[in-house]
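Coordinate-derived values only; no laboratory data. Here the structure is a predicted model, which is why all the values come from computation and not from measurement. Neighbour counts run over all protein chains shown; Cβ positions are idealised from the backbone, glycine included.
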Amino acid sequence: AQSVTQLDSHVSVSEGTPVLLRCNYSSSYSPSLFWYVQHPNKGLQLLLKYTSAATLVKGINGFEAEFKKSETSFHLTKPSAHMSDAAEYFCVVSVVSRSDYKLSFGAGTTVTVRA
Amino acid sequence: DGGITQSPKYLFRKEGQNVTLSCEQNLNHDAMYWYRQDPGQGLRLIYYSQIVNDFQKGDIAEGYSVSREKKESFPLTVTSAQKNPTAFYLCASSHLGANGNQPQHFGDGTRLSIL
């Protein structure tokens, strides 16, 4: 079965320093992977997606993620954190079953940014 | 502006009462989804629909019901059988794509509480 594990429940960084959010996945085939961000009391916003094209995926707001099949990882990074990056981040894998598909969500990583 | 509209933003339920959460989309998406989010957890799928007049149970469908009479609308009813309904409910929609490579777009959620 396909699933994702977010390795850190909480990450704290200083403004202007790099951000790294770690995600490992399990899948018996080449998966579609996504990163979403959620600000308090809001819905989820798509940051980026991997769908078997380039392994380095660039997203919105300066985020990018690298798909590493050998490590079954899809870590999210940003070179320089901004105060507005404080939010919850979800790594998501697409689960295909017979004729349909669903998304399987990680438990989330809460990012706090210190001034 | 295209998007997903959920209403109301806040909802209170009395004991033994059914309540209905509204979800409307104008993105011309075929598929729609309902998720439940509890603190510190990822999203869990309640129901989903890939075509009008058809829907499937997700991982936690007990105590919930849905209908899909129109492509644009996918209301969720939280019945009195759902004993722990307090949560943040998110509606999403997407195009149908091969191998689940289409991202889902989310509404801003409805927060349901028990009186």
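Please compute the length gained on full extension between A:SER14 and A:ALA115, using 0.36 nm multiplied by the number of residues separating them and subtracting their Cα-Cα distance.
Extending this stretch completely gives an extra 35.8 nm.
With the convex hull built on the Cα atoms of chain B, state its orientation-averaged projected area in nm².
Values: hull surface 28.6 nm².
The number I arrive at for chain B is 7.1 nm².
Which trypsin sites (Lys or Arg not before Pro) in the stretch B:1-57 pass both tests, a DSSP loop state and at most 13 other beta-carbon atoms within 10 Å?
Listed in order of number, the matching sites are B:LYS9, B:LYS14.
Bin width 5 Å, origin at 0, all Cα-Cα pairs of chain A: what percent of pairs per bin?
Pair shares across the bins are 2, 12, 24, 25, 19, 11, 5, 2, 1, 0.
Convex hull over the alpha-carbon atoms of the protein assembly as shown: what's its volume per residue in Å³?
127 Å³
Between B:GLN41, B:GLN82, B:GLN104, find the one with the highest GNM mean-square fluctuation for chain B; connect C-alpha pairs within less than 10 Å.
Result: B:GLN41 has the largest fluctuation of those listed.
Counting alpha carbon pairs within less than 8 Å and at least 6 residues apart, what relative contact order, in whole percent, applies to the stretch B:15-59? Each step should come with its number before you reach the end.
On the way: 46 pairs, mean separation 12.1, N = 45.
Contact order relative to length: 27 percent.
How would you rank A:LYS58, A:LYS49, going from fewest to most other Cβ atoms within 10 Å of each one's own Cβ?
So the residues, fewest neighbours to most, are A:LYS58, A:LYS49.
I'd like the Kirkwood hydrodynamic radius of the stretch A:8-58, using the inverse of the mean 1/r over distinct C-alpha pairs, in Å.
Roughly 13.5 Å, rounded to one decimal.
Compute from the Cα atoms of the stretch A:49-95 the Rg and the Dmax, the latter being the longest Cα-Cα distance, and quote both in angstrom.
Rg then Dmax for the stretch A:49-95, in Å: 11.6, 34.
If Rh is defined by the Kirkwood formula over all Cα pairs and Rg also comes from Cα, what ratio Rg/Rh do you get for the stretch B:1-49?
Numbers: Rg = 13.1 Å, Rh = 13.0 Å.
So for the stretch B:1-49, dividing Rg by the Kirkwood Rh gives 1.00.
Could you check which residue among A:LEU21, A:LEU44, A:LEU76 shows the biggest mean-square fluctuation in a GNM of chain A with a 10 Å Cα cutoff?
Most flexible of the set in this elastic network: A:LEU44.
Please name whichever of A:PRO40, B:LEU11, A:LEU56 sits farthest to the positive end of the charge dipole of the protein assembly as shown, dipole taken about the Cα centre and charges placed at Cβ: Lys and Arg +1, Asp and Glu -1.
B:LEU11
Report the Cα centroid-to-centroid distance between the stretch A:21-92 and the stretch B:61-96 in angstrom, as an integer.
27 Å
Check A:SER32: other-chain or 5+ apart residues with amide H under 5 Å from its amide H, H built from backbone geometry?
The list, which skips near neighbours in sequence, is A:SER94.
So for chain A, averaging the separation of alpha carbon pairs under 8 Å that are six or more residues apart and normalising by length, what relative contact order in percent results?
Normalised by residue count, the contact order of chain A is 36 percent.
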